[in-house]
Every structure is written in C-alpha cells, then in structure tokens.
1. Could you provide, to the nearest whole Å², the per residue accessible area of the stretch 26-90 with probe 1.4 Å?
2. Protein chains only, probe 1.4 Å: how do D157, D41, D4 rank by accessible area, largest first?
3. Ordering F163, F34 from largest to smallest accessible area (1.4 angstrom probe), what's the sequence?
4. Report Rg/Rh for the stretch 42-87, rounded to two decimals, where Rg is the Cα radius of gyration and Rh the Kirkwood radius.
5. Per 0.36 nm of contour for each residue apart, how much would the distance between I11 and K144 grow if the chain were fully extended, relative to their Cα-Cα spacing?
6. Check D157: other-chain or 5+ apart residues with amide H under 5 Å from its amide H, H built from backbone geometry?
7. If you plug each phi of the stretch 67-78 into the Karplus form 6.51 cos²θ - 1.76 cosθ + 1.60 with θ = phi - 60°, what whole-Hz ³J(HN,Hα) values come out, in order, with x for Gly and Pro?
8. Between S154 and R2, what length in nm is gained on full extension when 0.36 nm per residue of separation is reduced by their alpha carbon distance?
Amino acid sequence: MRQDLGAVKHIFKRKGEAAFGKIDMVVLSLGTVFLLVKPPDNAGCGTVVLWTTICTAFIWIAWLSTVRPVVELRERGAVVVNWFFRSEIPWNAVVSVEVASEVGSGVALLLRVELAAVSPSGANAMMGFGLQNRVRLLIEQMPKEGSEGLVVRSKFDVDPIPFLFAMVVLIALGWFMLP
C-alpha cells in the first residue's frame, strides 16, 4: 500500500548510469538471443538454459543497479527507490540530512536511508558534492506541515516477474531453435 505524498516536485536520477544500464541490457539481450538462434555446435538444451538464465540474471542486475534508483521529492515527503527497497518518508519524519564525503549521501531517520540515485561519485567529489548539497537544501526547504499522519514506510520492492517471463520466453525460443 502506498501513501499519498502529493505531487512530484523534483526527480533525481543518474541519467548517465541509467543510459549505460539500458545499453548494457540491450547488448546482453541481443547476445542472449544470438546465443539462442545460433548456439555452439556442441551445446545441448541444458547449456542453452544455463546461459539464458545467467544472461537474464545479469540483465536484471543491470536494471536494479542503474535504471531503477530514483529519488522523488514530493509535496508531503520523499520516495526513495534503491536496488531492493522502496521507502516513503514524510517530511515530518526527517531528522537531518547528511552529505557524506565517503560512500553515501543519506537522509537520517529512525532508520537510515541511503539515496543510491544521488550517491557521490569520484567526479562529483571533485566538484564539491554539488548534487548532494542541492538535494540536502531542497529537503531542508520542504514544508513539514501537511505530512501529519503519514508514516515512514520501507519495503522490499523487487519485481522479478518481467525478468522471469523474459527468461521463460528466451528458453522457449532456444528450445525451438536447437537442432
């Protein structure tokens, strides 16, 4: 169940990483289809199923780590989507916002939520953590009123169904392509 945190005011996503992840997913998908259409001469059905499963797992990991992470700043709270979790954080629950110079930028709450979509990189560190400071300022400027009655929710949110479906379709394709 999702809470109504209002309209989206700002969205933060690593566009370069997302583009790289999408390219990676396309290349892996094409490689998998090529393996299924023209399998090696000594490949049996088990080998094709194994490689299809491995490639689909890598496609899923590419999606989880590059395309999926996003931070949405909304009227009454923030929605943070990381690799495996989706967190809804009302503004009245935000205790402090820290910009860490090491490996993460986070919103410190009763539980600590790392913002994967705006985590610092080497290039960002050389520029003085501008994106992280901008996110911190935007969060600190958000009005705390209007978010009463909302609670912090963090849940395991990974949807493997599309990737399992793709794997089944690819295995079926491989089954009919094998000599």
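1. Values: 3060 Å² over 65 residues.
For the stretch 26-90, the per-residue accessible area is 47 Å².
2. D41, D4, D157
3. So, going from the largest accessible area down, we get F34, F163.
4. Checking Rg against Rh, the ratio lands at 1.33.
5. Result for the pair: 46.0 nm of gain on full extension.
6. Counting only residues 5 or more places away or on other chains, the set is F85, R86.
7. Couplings: 8, 6, x, 8, 10, 10, 9, 10, 4, 10, x, 10 Hz.
8. 53.7 nm
The values are calculated or read from the model by the stated rules, or taken from the named source; none is laboratory data. These numbers come from a predicted model, not from an experiment. So basically every Cβ, Gly included, is an ideal-geometry build from the backbone, and we count neighbours across all protein chains shown. Surface accessibility is based on the protein's heavy atoms, side chains included, excluding ligands, DNA and RNA. Shrake-Rupley method; radii C 1.70, N 1.55, O 1.52, S 1.80 Å.
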